[in-house]
Amino acid sequence: MNVRHIGLIAKKEFFGLSSEKTIVFAILLQVFIAMFSSFLMVGLTTMYDPEAIEGYSTGTYGIGYVGADSPLIDEFEKRPDLVLHRMGLDAALAALYDRRVAAVVYVPDTPPDAEGPVTLTLYLIQNDLQSSVINVKLKEVLQGYEEELREVRADRRISFPVDLKIPESSGGENFFEFVYGLLIPLLVLLPAVVSAALIIDLITEEYQRQTLETLMSTPVTFGEMVWGKVAACAVLVPVQAGAWLLLLQANGIAVNNAAPILLHASVGGLFLILLGVLIALHYRERTSAQFIFSTALVVVFLFVIAVPYNPFNLIVRLAVDTASPAHWLVLALVASATALLGWAATAFARRVGETASGAR
């Protein structure tokens with residue numbers, strides 16, 4: 001193969017990427033993820049830690065209080081973010097419906113030292129984000145009220161809970177898990193997936209636009225054309241991933257081992273790109289090729305995630321500087337598989353080019 005021809009094709013494709021909708025929309029998607037990462041963090045952390053959502057709420061909420069006087073009123077007064085409003089049940093529910101209060105608490109006239117339990121009724125708006133916040137805040141208030149009831153009824157207790165001295169959390173674990181466990185791998189590996197999908201468009205358009213015969217009339221061979229397109233797409237992976245790492249560091253997020261991370265992303269990206277090349281050369285039609293590639297991508301990801309030292313895990317470990325030297329062995333294995341795919345893609349492209357020359 002002529003390296004100069006490959007470079008010319010790569011240069012042409014690289015400068016023409018601005019007109020490719022695939023890469024433009026993919027970059028916009030990555031920008032969207034980065035811009036709204038804080039909102040994503042709230043939603044994702046709430047799935048496994050509902051109390052995490054309270055830390056993102058700084059407003060003051062009105063609570064409708066219905067029923068008899070109780071020590072629960074004193075618990076509410078300890079919270080500056082909850083304002084209690086005494087009212088009747090009908091008026092309280094109407095205020096909740098009109099969103100003039102965030103919740104309604106009904107307290108029966110059961111004395112704290114009564115024989116039976118004190119049954120409280122809480123009214124919230126169904127399927128509402130604000131209700132999730134209020135639910136967490138009220139949980140702390142009700143826990144304080146529960147402690148008071150336990151003290152009043154202490155003479156009846158026959159067993160006592162074990163007092164655990166658990167250190168208070170700093171509140172930064174959710175941010176750490178989201179940024180290093182999800183955001184960094186997502187932003188680093190997404191360019192590899194995008195470039196692999198892009199190579200399919202670049203190859204199949206040669207068939208759809210019927211420009212293959214024109215290409216074959218030039219000194220550039222079909223294999224050189226394919227590798228030129230591969231080179232253009234492969235360059236995008238470290239460029240985009242490196243840009244995201246720089247932006248993260250500019251925002252005060254420390255990312256260790258940037259060079260090994262980019263190396264892993266580049267080799268993995270080249271593997272996916274060559275996989276896309278084989279699929280595109282076989283199907284030669286964009287819709288079918290993209291569908292098969294998406295299916296193959298899911299299979300590859302499921303297989304990769306099942307391996308303990310997978311690229312996702314390694315990128316996280318490298319970012320926090322806890323990776324062992326074994327990541328170089330993983331890189332070597334991925335590079336070997338990539339070289340095998342490169343050989344297969346070259347042989348396939350040569351055969352396609354010979355077939356096209358014979359037909360011409």
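The values are calculated or read from the model by the stated rules, or taken from the named source; none is laboratory data. Quantities reported herein were computed from a predicted structural model and do not represent experimental measurements. All Cβ positions, even for glycine, are placed from backbone atoms using ideal geometry, and neighbour counts span all protein chains on display. Surface areas here come from the heavy atoms of the whole protein model, side chains and all, with no ligands, DNA or RNA. Shrake-Rupley method; radii C 1.70, N 1.55, O 1.52, S 1.80 Å.
Val255 fulfils the conditions (1) of a type in the set (Val, Ile, Thr); (2) in contact (Cβ under 8 Å) with a residue 24 or more places away in the chain; (3) within 28 Å of Lys229 (Cβ to Cβ) except for a single criterion, (3).
Taking residues in the range 203-220 that are in a helix (DSSP H, G or I) and at pLDDT 65 or above, and partners anywhere that are open to solvent by less than 30 Å² (accessible area, probe 1.4 Å) and of a type in the set (Lys, Arg), the pairs with Cβ atoms closer than 7 Å and at least 6 places apart or on different chains are Ile203/Lys229. Scanning the range 306-324 for residues that are on the phi < 0 side of the Ramachandran plot and surrounded by fewer than 12 Cβ atoms within 10 Å (Cβ to Cβ) yields Ala306, Pro308, Thr322, Ser324. In this structure, does Pro117 turn out to be free of Cβ contacts under 8 Å to residues at least 24 places away in the same chain and open to solvent by 40 Å² or more (accessible area, probe 1.4 Å)? Yes: the conditions hold for Pro117.
From the list Pro167, Pro161, exactly one residue is within 30 Å of the chain's Cα centre (by Cα) and either at pLDDT 70 or above or surrounded by fewer than 18 Cβ atoms within 10 Å (Cβ to Cβ) (or both). Which is it? Talk me through it step by step, then tell me what you get.
Details: Pro161 fails: within 30 Å of the chain's Cα centre (by Cα).
Checking each option against the conditions leaves just Pro167.
Being out of contact with any strand residue (DSSP E or B) (no Cβ under 6 Å at 6 or more places or on another chain), not in a loop (DSSP other than H, G, I, E, B) and not aromatic (Phe, Trp, Tyr) narrows it down to one of Ile73, Ile125, so name that one.
On the way: Ile125 fails: not in a loop (DSSP other than H, G, I, E, B).
On inspection, the qualifying residue turns out to be Ile73.
Just one of the listed residues (Leu40, Leu84, Leu29) is at pLDDT 60 or above, in a helix (DSSP H, G or I) and surrounded by 11 or more Cβ atoms within 10 Å (Cβ to Cβ), and it is Leu29. Taking the conditions (1) free of Cβ contacts under 8 Å to residues at least 12 places away in the same chain; (2) open to solvent by 60 Å² or more (accessible area, probe 1.4 Å); (3) of a type outside the set (Asp, Glu) in turn, Ile73 satisfies each one other than (2). Identify, please: which residue in the range 120-129 is modelled with pLDDT under 85 and surrounded by 12 or more Cβ atoms within 10 Å (Cβ to Cβ) and is, among those, nearest to the chain's Cα centre (by Cα)? Step by step, filter the range 120-129, then rank; the result is Leu129.
Given the criteria loosely packed, with under 14 Cβ neighbours inside 10 Å, more than 30 Å from Arg350 (Cβ to Cβ) and at pLDDT 85 or above, does Leu329 qualify?
When the stated conditions are applied, Leu329 passes them.
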